[in-house]
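The values are calculated or read from the model by the stated rules, or taken from the named source; none is laboratory data. Here the structure is a predicted model, which means the values were calculated and not measured. Using ideal geometry, Cβ is built from the backbone for each residue, glycine included, and neighbour counts are taken over all protein chains shown. Accessible surface areas use protein heavy atoms only, side chains included; no ligands, DNA or RNA. Shrake-Rupley method; radii C 1.70, N 1.55, O 1.52, S 1.80 Å.
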Amino acid sequence: MSTPSSPSSDIRRDFARVSPAVVLRASGFAASVLADVAGRRGTLDGRIAPLLPSMRMAGPALTVEVRPGDNLMVHAAISIARPGDILVIDGKGDRTCALMGSIMINACKELGLAGVVIDAAVRDTEELRELGFPVYSVGANPKGPAKCGPGRINWPISCGGEAVNPGDLIVGDADGVVVIERERAEPFLDLAAIKVAEERARIADILAGRNMRPKWLEGSLRAAGVLKDGETL
């Protein structure tokens, strides 16, 4: 049995996670749809990309902050993670060495984690692609890391230029990764369902040769001063 962590501890073991029902529902939406309904907020910088375009993931964030080039706290995070968690690691964008490789990612897969997002480099990429476990990183480097610490687990972090809190909803696909605040995830999914229906109808119109011009286009052009009042395309 693990020892409960104090509020000031660098390692927080217990935190509120986005619910499994929300995760399951979110897994059916593209990251782009969720980013749109979230007001185009929460998308991690495009430098953080999947090792394979086919990789998809959804789950609650287990956040990790490390010093550049040091993975001590990543090992600690793996040891306390729960099945379904996604490790979200603030590695400061460092690519001078790899923070994770095949041994650690195999452990993540066997423990039932849903994926890894790392604002830093990885290695053993050929093995990781064969493994198929979702890994999103900024690149690769064959050099290994130090294990000196310090760092923090399950505190607010910055990853890919976005704030991530423990328990937030993380969704990743071929386009990249989006994070949605835990408290706002469920209502955003309702908006996502509406948006998907609207987009399908729009594509159906296009394929049928109808309404090829977006309805909002001329209004936006007038608002931008490109078209004068009464003028049309």
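Collect the residues in the range 16-66 that are within 26 Å of Lys147 (Cβ to Cβ) and surrounded by fewer than 18 Cβ atoms within 10 Å (Cβ to Cβ), keeping them in residue-number order. Answer for the range 16-66, where residues must be within 26 Å of Lys147 (Cβ to Cβ) and surrounded by fewer than 18 Cβ atoms within 10 Å (Cβ to Cβ): just Arg47. Restricting the range 102-129 to residues that are closer than 15 Å to Ile86 by Cα, assigned to a helix (DSSP H, G or I) and hydrophobic (A, V, I, L, M, F, W, C), the residue that is most open to solvent (accessible area, probe 1.4 Å) is Ala107. I'd like to know if the range 76-97 contains one or more residues that are closer than 23 Å to Leu131 by Cα, open to solvent by 70 Å² or more (accessible area, probe 1.4 Å) and of a type in the set (Val, Ile, Thr). Within the range 76-97, none of the residues are closer than 23 Å to Leu131 by Cα, open to solvent by 70 Å² or more (accessible area, probe 1.4 Å) and of a type in the set (Val, Ile, Thr).
Of the strands (runs of 3 or more DSSP E) lying entirely inside the range 157-233, those containing at least 2 residues that are open to solvent by less than 60 Å² (accessible area, probe 1.4 Å) and of a type in the set (A, V, I, L, M) span 169-173, 176-180.
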